[in-house]
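One structure is given here, and the rest of the page talks about it.
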Amino acid sequence: MEQEQTAAARSGLFDSLLVLSRWKWFIMTHVIVVTGIAAGVSFLLPKWYQSHTTILPPKNQNILSGLSFSSSTLLRQLNPLRGFGSLGQSPDLYSYIAVLKSRPLLEQVVARFDLVRVYQVRNNSVSDAVEELVSNVDFRVSEEGTLRVDVADKDAFRSAAMADYFVQLLDEHNRELANREAQSNRKFLEARVNESLADLRKAEAELKKYQKEHGFAGVTEQNNPVYREYENQLRLFESLQPLVQQARIEEERDTPTLLVLDRAVVPELPYRPKKRIIVLVFFFISLLTSTALAFVAERLETIREARPDDYQRLAKGWFRLIPKRRAKRDGHSTPVR
């Protein structure tokens with residue numbers, strides 16, 4: 001039984017090789033033509049260039065750190081815009097991506113590089129130009145904590161300029177938010193200082209009144225509630241003074257909010273179309289389809305010789321398009337191309 005199966009397998013393999021041998025010219029011609037057309041089309045496709053820039057958010061120096069524990073409640077009320085400015089924690093790179101994908105920023109890029117004309121948008125639609133731009137950019141956060149901006153364009157110089165311009169707009173946006181944050185914190189701190197000063201003066205008046213009524217003896221003792229209130233208000237006022245000064249400095253500061261690790265470089269080679277991939281894909285597709293077609297045609301030829309009536313019924317359909325074999329003088333057959 002096993003010998004019969006082995007013999008059948010060998011016979012099937014031999015028959016397959018025989019079919020490939022008979023149809024080799026058809027297969028080779030089909031593969032060469034299809035692959036050649038694919039290669040030619042890949043060279044005719046427009047070239048796209050991609051530039052990228054990598055940025056790293058600077059480590060923010062928190063001006064609120066190092067303060068006394070007594071002002072911790074106050075500090076939690078500050079920084080309503082934290083995430084971008086220099087007064088809060090380190091900004092989230094995903095927040096940067098949200099800014100880069102915002103419509104106002106994208107419209108600025110469209111206007112700067114006249115992308116409505118470049119993309120040949122119908123009806124001069126800015127919205128369509130923005131959608132086209134979104135499909136040509138990519139923003140990714142790496143595992144190392146950096147943000148990469150990729151911009152693709154048919155012009156190599158424009159792709160590099162657009163990548164740098166995205167970073168420029170992001171930096172301007174961050175500076176604006178940092179300024180607004182510092183201004184908001186300054187106003188809050190100044191108001192809090194005025195309140196603290198009023199409370200301090202009130203505590204000082206209460207302390208003087210207590211001194212007049214009870215004398216100076218025991219006034220400086222820690223268990224004295226009047227003196228303790230005065231000391232608390234004094235420490236709070238002293239802790240707020242440097243905060244106000246620092247907030248004013250932050251409001252006036254205009255320094256870059258981003259560290260550019262890699263600036264965009266004009267690419268020398270296009271990144272698409274992938275000519276090799278296109279050629280290889282169509283090579284294998286044409287090889288598989290032509291081989292399958294050869295086996296189908298061989299099977300139909302066998303049916304035509306063994307069962308001509310069945311073949312005639314099949315020939316009425318689209319099977320007649322499959323090439324037939326013609327007999328050689330030596331008894332072998334070869335496909336008609």
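Can you find, within region 35-51, the residue that is surrounded by the most Cβ atoms within 10 Å (Cβ to Cβ) among those that are modelled with pLDDT of 90 or more and β-branched (Val, Ile, Thr)? Per the criteria, the residue is Thr35.
Only one entry in Glu238, Glu268, Glu252 is exposed (fewer than 15 other Cβ atoms within 10 Å of the Cβ), of a type in the set (Asp, Glu) and in contact (Cβ under 8 Å) with a residue 40 or more places away in the chain, namely Glu268.
For (1) surrounded by fewer than 19 Cβ atoms within 10 Å (Cβ to Cβ); (2) part of a helix (DSSP H, G or I); (3) in contact (Cβ under 8 Å) with a residue 12 or more places away in the chain; (4) within 19 Å of the chain's Cα centre (by Cα), each residue gets a yes or a no:
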site: Glu131; (1), (2), (3), (4): yes, yes, no, yes
site: Arg140; (1), (2), (3), (4): yes, no, no, yes
site: Glu144; (1), (2), (3), (4): yes, no, no, yes
site: Phe157; (1), (2), (3), (4): yes, yes, yes, no
site: Glu172; (1), (2), (3), (4): yes, yes, no, no
site: Glu181; (1), (2), (3), (4): no, yes, yes, no
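With respect to Ala247, determine if the residue is within 30 Å of Ser95 (Cβ to Cβ), small (Gly, Ala, Ser), touching a helix residue (DSSP H, G or I) at 6+ places or on another chain (Cβ under 7 Å) and modelled with pLDDT of 85 or more. Before the answer, list the steps.
Details: within 30 Å of Ser95 (Cβ to Cβ): yes; small (Gly, Ala, Ser): yes; touching a helix residue (DSSP H, G or I) at 6+ places or on another chain (Cβ under 7 Å): yes; modelled with pLDDT of 85 or more: no.
Answer is no for this residue.
Residue-level analysis places Val151 outside the set of residues that are over 20 Å from Pro267 (Cβ atoms), assigned by TED's automatic domain parsing to the domain that holds Glu252 and among the hydrophobic types (A, V, I, L, M, F, W, C). For region 216-227, the criterion of a residue being in contact (Cβ under 8 Å) with a residue 60 or more places away in the chain, touching a Ser or Thr at 6+ places or on another chain (Cβ under 8 Å) and assigned by TED's automatic domain parsing to the domain that holds Ala178 is satisfied by no position.
Hey, does region 292-302 have a residue that's more than 50 Å from the chain's Cα centre (by Cα), more than 30 Å from Ile37 (Cβ to Cβ) and at pLDDT 70 or above? Within region 292-302 (the criterion being more than 50 Å from the chain's Cα centre (by Cα), more than 30 Å from Ile37 (Cβ to Cβ) and at pLDDT 70 or above), the answer is yes, since at least one residue qualifies.
Test Thr255 against the criterion of being out of contact with any helix residue (DSSP H, G or I) (no Cβ under 6 Å at 6 or more places or on another chain) and not in a helix (DSSP H, G or I), and give yes or no. The answer is yes for Thr255.
The values are calculated or read from the model by the stated rules, or taken from the named source; none is laboratory data. On a predicted model such as this, the values are computed, not experimentally measured, just so you know. When we count neighbours, we look across all protein chains shown, and the Cβ atoms used for this are built from the backbone with ideal geometry, even at glycine.
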